[in-house]
Amino acid sequence: MGAFNRRNKRVSNGNVTHLRPFRHNQLRGDAGGYGPHSDRDDADEHDDVVFVRPRHRGIYLLPNAFTTAALFAGFFAIVQAMNMRFDVAAIAIFAAMVLDGMDGRVARITHTQSAFGEQYDSLSDMTSFGVAPALVMYEWILHDLGKWGWLAAFVYCTCAALRLARFNANIGVVDKRFFQGLPSPAAAALVAGFVWLVIDNKLSVKDLWMPWVAFGITLYAGLSMVSNAPFYSGKALDVRYRVPFGVMVLVLVLFVVVSTDPPVALFGLFVVYAISGYVLWAWRGLHGQPGVARVRDNGKGS
């Protein structure tokens, strides 16, 4: 206490240094203050240090609530796989996919997009569509292959992380009508759909070929995420505007097909989608068109 007195002075090696009065959350400038541009005779280099309380910013509740629900579904899938309930785990991954598709559309419709929501959505996707499918597939059958099984699961998980990082880096660069590489929800649906299909139809998982089929599907889904093949995104379809009557008929037929046998129908649909990107890629290559369309963003990106 001897270094300070009640007149706001500090004694150091016999010298007296005047401390400027503390102004909470305020930086005073040239108009008679103590800021870095002050012309007071007794101001020194320490007068540039100020203490500013960070401003608290809120987040949008509705879209982030859907993202949280998708994250919960992915975590629930992992827990169910640990409990050997693989069919429930696969259904939870599909539920996460539906919820993940809703949060972005809700944010666009309600004009509640934010940088926080984008980052939170990517972290949720990594859990629900990167970690969860890899662990479910490994716990279900890939562990029978030893090191080859966990290597396939790790390749899938790593490719999901790379795909999400590339997606965030290419926002505003790649044509929004197409994804560059298989989107992570579709890759997760391909893996989880295979698990659900085999369990629901009571196919024998003890056959010699079954673990290797799962091995191939896992690697295909993972490597497709980091490919340059263009996959239709569906973002051009805006639910706020009118559509032809035939679109409603097509939606009705899709509901009927899926409801008849969900495991077979969903797995078949995502198999077709997982192949469509390579078909389009080959068609563009034969016609001399670029594989992935890029847009000019007028200086907002590269």
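Just a few scattered comments:
- With a cut-off of 15 Å between beta carbons, the residues surrounding Ala95 carry a summed charge of -3, where Lys and Arg count +1 and Asp and Glu -1.
- Net charge over other residues, Cβ less than 12 angstrom from the Cβ of Ser184 (K, R count +1; D, E count -1): -1
- Among residues other than Phe129 with Cβ under 12 Å from its Cβ, the summed charge is -2 (Lys and Arg +1, Asp and Glu -1).
- Residue-wise HN-Hα coupling along region 266-271, computed from phi with Karplus coefficients 6.51, -1.76, 1.60 (Hz; x: Gly, Pro): 5, 5, x, 4, 6, 5
- Residue-span extension gain [Tyr232 to Met248] - 0.36 nm each, minus C-alpha spacing: 3.8 nm
- Fewest neighbouring Cβ atoms within 10 Å first, the residues Leu182, Leu71, Leu254 line up as Leu254, Leu71, Leu182.
- Across the options Val106, Asn64, Ser204, the greatest Cα extent toward the positive end of the charge dipole of region 61-286 (unit charges at beta carbon of Lys, Arg, Asp, Glu) belongs to Val106.
- Fully extending the segment from Leu62 to Ala169, taken as 0.36 nm per residue of separation minus the present Cα-Cα distance, adds 36.0 nm.
- Most to least packed among 84-93, 112-121 [average Cβ atoms within 10 Å]: 84-93, 112-121
- D_trans [Stokes-Einstein, Kirkwood Rh over alpha-carbon pairs] for region 101-214, 4 °C, 1.567 mPa s, µm² s⁻¹: 82 µm²/s
- Amide hydrogen neighbours beyond the local backbone of Phe178, cut-off 5 Å, H modeled: Ser233
- 3J(HN,Hα) along region 249-260: 5, 5, 5, 4, 4, 5, 4, 5, 5, 5, 6, 5 Hz, from the Karplus curve 6.51 cos²θ - 1.76 cosθ + 1.60 with θ = phi - 60°, whole Hz, x for Gly and Pro.
Where a number appears in this text, it was derived from the coordinates with a stated rule and is not lab data. Quantities reported herein were computed from a predicted structural model and do not represent experimental measurements. All Cβ positions, glycine included, derive from the backbone under ideal geometry; neighbour counts span all protein chains shown.
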